[in-house]
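Novice: Below is a structure I'd like to ask you about.
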Amino acid sequence: MLVRDTPPLNEIGGDVKELTIIVTGPTSGIGWTTAAELARRGAHVVLACRSASKGEAMVAQLSKEAAAAGNPPPQLEVNLLDLASLESVRQFVERWQQRPLHVLVNNAGMFNMGVGRSETKDGLEVHMQTNHLAHFLLTLGLLPALRKAAQQQQQQQQQQGGFVPRVVTVASAMHHLGYRLQQDPLSERSYSAELAYGNSKLAQVLFTAELNRRLAAAGGGVQALSLHPGNVLTNVVQSLPPAIQSAYRAIMARVLLTPEQDPGAFAAAAATGGYLDCSAQPVQPHALAADPQLAAWLWQWSAQQVKLPQGWDLPAGREEAPAGQAS
Ligand SMILES: NC(=O)c1ccc[n+]([C@@H]2O[C@H](COP(=O)([O-])OP(=O)(O)OC[C@H]3O[C@@H](n4cnc5c(N)ncnc54)[C@H](OP(=O)(O)O)[C@@H]3O)[C@@H](O)[C@H]2O)c1
């Protein structure tokens, strides 16, 4: 997708003051823009990042910017999270405890272009764990916190304008490449970075749809949405050799959005809908992502892979087929 007319960020989305928002992968690219803009608008933003020094540097930069503009200091908090470690995800959830949470932005992601297959220390293919499985575990672990915020919203609806707490997952239009998700979810039989990335992104869109179905069945006032953020020039190409990376950046700077131009992730924090495009408009995802049986299978498979702790699962509200019986 080429550069399009993009409304400025400050014209998109609603009031986020008083909201607590976690952004994963806020230290670069789309996550940085999303977290920074939400903080500028008065949200309490939790920087869920794997590098403490990058997180602290971000706090320092945004605080300096706010001071220079004569604005109050941004409400930012660094909280360590490495999605390549399921233990790190469980520890994040444990540290969160009873705090209400209004928005979880599952943004962090990686795309190991030009690099061979690798696994995390949990023994899972690295794209599938970083982009999908770790966020699956994180989301279910934080669901009580989202529900708590939803309860509070229901009690104070008038003050908060009826904001519905939500899980926003930054997927990609490349989810159509996940056509072998069910046959080979961890890319063990055949591998390319594009297919592994596509598998993980399809998993994110399917997870969101299934989460929405389960949330609706359970009640409780939380919703989920996923989106394609646009094609944006970010650090997502960092796995390429430096010379190719430089050439890529020079050429693609003419056709890709800058993170500052991209409204998708931020808009999703204030919009509603199932799957959104990069202008935050609800659109149909690829047909694969609209298959409820595949989504139901993925849920169970994901729960097995992350060894979902007892009590974290969200019932389907319908009869479930065993994960082995993929259709
Ligand atoms: N750029 C695009 O055109 C595009 C298109 C479609 C979808 N997306 C999606 O948009 C999201 C953001 O990507 P981006 O383009 O902004 O890429 P980016 O500039 O590379 O930013 C990725 C962020 O994820 C973090 N991250 C990576 N691995 C992590 C891990 N194991 N644990 C915790 N954090 C981790 C990075 O942290 P560090 O700073 O520590 O590396 C960084 O903050 C991704 O989900 C991506 O798939 C991007």
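Novice: Mind listing the long-range amide H neighbours of Arg166? Cut-off is under 5 Å, sequence gap 5 or more, other chains count too, H placed in the peptide plane at 1.01 Å from N.
Specialist: Distant-sequence amide H within range of Arg166: Val103, Leu104, Gln223.
Novice: For q = 0.15, 0.27, 0.32 Å⁻¹, what log10 I(q)/I(0) does the stretch 231-275 give under the Debye formula with an equal point scatterer on each alpha carbon and no solvent?
Specialist: Reported log10 I(q)/I(0), two decimals: -0.49, -0.94, -1.13.
Novice: Take the Cα of Arg117, step 7 Å along the line toward its Cβ, and report every residue of the stretch 182-203 whose backbone nitrogen sits under 15 Å from that point.
Specialist: Of the residues in the stretch 182-203, 182-200 have backbone N under 15 Å from the label point off Arg117.
Novice: How many angstrom separate the Cα center of the stretch 98-131 from the Cα center of the stretch 19-95?
Specialist: 17
Novice: Count the lysine pairs in the chain that are 8 or more places apart or on different chains: how many have C-alpha atoms under 24 angstrom apart?
Specialist: Final tally of qualifying lysine pairs is 7.
Novice: A further question follows. First compute the accessible area of the chain with a 1.4 Å probe, then give the percent of it belonging to carbon and sulfur atoms.
Specialist: 51
Novice: First obtain the Kirkwood hydrodynamic radius of the chain from its Cα pairs, then insert it into the Stokes-Einstein equation at 20 °C and 1.002 mPa s, and state the resulting D in µm² per second as a whole number.
Specialist: In µm²/s, the coefficient is 108.
Novice: Here's something else I'd like to know. Counting only the backbone N, which residues of the stretch 205-226 are under 18 Å from the spot 7 Å out from the Cα of Ala287 toward its beta-carbon?
Specialist: 206
Novice: Moving on to the next point. Run the helix sum for the chain: -39,500 (n - 2.57) per DSSP H stretch of 4+ residues, divided by residue count, reported at 222 nm to the nearest 500 deg cm²/dmol.
Specialist: Using -39500 (n - 2.57) per qualifying helix, the result is -12000 deg cm²/dmol.
Novice: Another one. Calculate, for the stretch 128-255, the solvent-accessible area per residue in square angstrom, rolling a 1.4 angstrom probe over the heavy atoms of the protein chains.
Specialist: With the other protein chains kept in place, the stretch 128-255 gives 39 Å² per residue.
The values are calculated or read from the model by the stated rules, or taken from the named source; none is laboratory data. Source: prediction; values computed, not measured. Glycine gets a Cβ as well: all are built from the backbone with ideal geometry, and neighbour counts include every protein chain shown. Note: accessible area is taken over every heavy atom of the protein model, side chains too, but ligands, DNA and RNA are not part of it. Shrake-Rupley method; radii C 1.70, N 1.55, O 1.52, S 1.80 Å.
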